[in-house]
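Q: This structure is in structure tokens; I'll ask about it shortly.
The values are calculated or read from the model by the stated rules, or taken from the named source; none is laboratory data. Bear in mind the structure is a predicted one, so any value in this text is a computation, not a measurement. Here Cβ is always computed from backbone atoms with ideal geometry, including for glycine, and neighbour counts include all displayed protein chains.
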């Protein structure tokens, strides 16, 4: 099996070409996506974000025992993040895809509160009560627009807490304002 970053890159490149990646990941993974829905993200970019997530899910075996379990959090421009669904919400791909389709871009301001969404992922989604399987490759993929963080140290701290909890984090910059220097450490190094 490919290392996950290479797998994600292959899925991304395939999605740009409008095809499904040629491989399928059958590893047990607890995967939470955190989508930044602040202002510079246009509705079109938000649709691309959602399609990218759906393309990734299409390349995993969705199974509550041995496949991937997925959660989704929207990170807005205020101190509220919203869990769209948890790791235990869906056991089938079709309903999960519909829930992603129904996630709404709400144009939530110009300040990014990603630390709140990362905290929610860590404390609310990666729990046994919400379907997390202890020790089963917990991953967070956060999409960052490059907006000014409300509390720059907050994302760094939450990234450290995720790492200490054994949760691997990948940051993906999206939109026109995103530059590698805007990604918070340690997320930029994941």
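Q: Of the residues 81, 64, only one is under 21 Å from residue 98 (Cα atoms), surrounded by fewer than 20 Cβ atoms within 10 Å (Cβ to Cβ) and either in contact with a helix residue (DSSP H, G or I) (Cβ under 6 Å, 6 or more places away or on another chain) or modelled with pLDDT under 75 (or both); which?
A: 64
Q: In addition: Quick check on my filter: what residues within region 28-51 are in contact with a helix residue (DSSP H, G or I) (Cβ under 9 Å, 6 or more places away or on another chain) and without any contact (Cβ under 8 Å) to a residue 60 or more places away in the chain?
A: If the condition is that a residue be in contact with a helix residue (DSSP H, G or I) (Cβ under 9 Å, 6 or more places away or on another chain) and without any contact (Cβ under 8 Å) to a residue 60 or more places away in the chain, then 50, 51 are the ones that fit.
Q: Taking the residues in region 84-106 that are crowded, with 16+ Cβ neighbours inside 10 Å and touching a residue at least 40 places away in the same chain (Cβ under 8 Å) as candidates, determine which candidate is nearest to residue 37 (Cα to Cα).
A: Going through the qualifying residues, I end up with 105.
Q: Within the bounds of region 127-148, is there any residue that is assigned to a strand (DSSP E or B), within 17 Å of residue 56 (Cβ to Cβ) and at pLDDT 90 or above?
A: No: region 127-148 contains no residue that is assigned to a strand (DSSP E or B), within 17 Å of residue 56 (Cβ to Cβ) and at pLDDT 90 or above.
Q: Here is a check on your reading of the model: is residue 118 part of a helix (DSSP H, G or I), closer than 22 Å to residue 46 by Cβ and within 13 Å of the chain's Cα centre (by Cα)?
A: In short, yes.
Q: Follow-up question, since we're still on this one. Every residue in region 149-183 that is at pLDDT 85 or above and in a loop (DSSP other than H, G, I, E, B), please.
A: 165, 166, 167 - these are the residues of region 149-183 that are at pLDDT 85 or above and in a loop (DSSP other than H, G, I, E, B).
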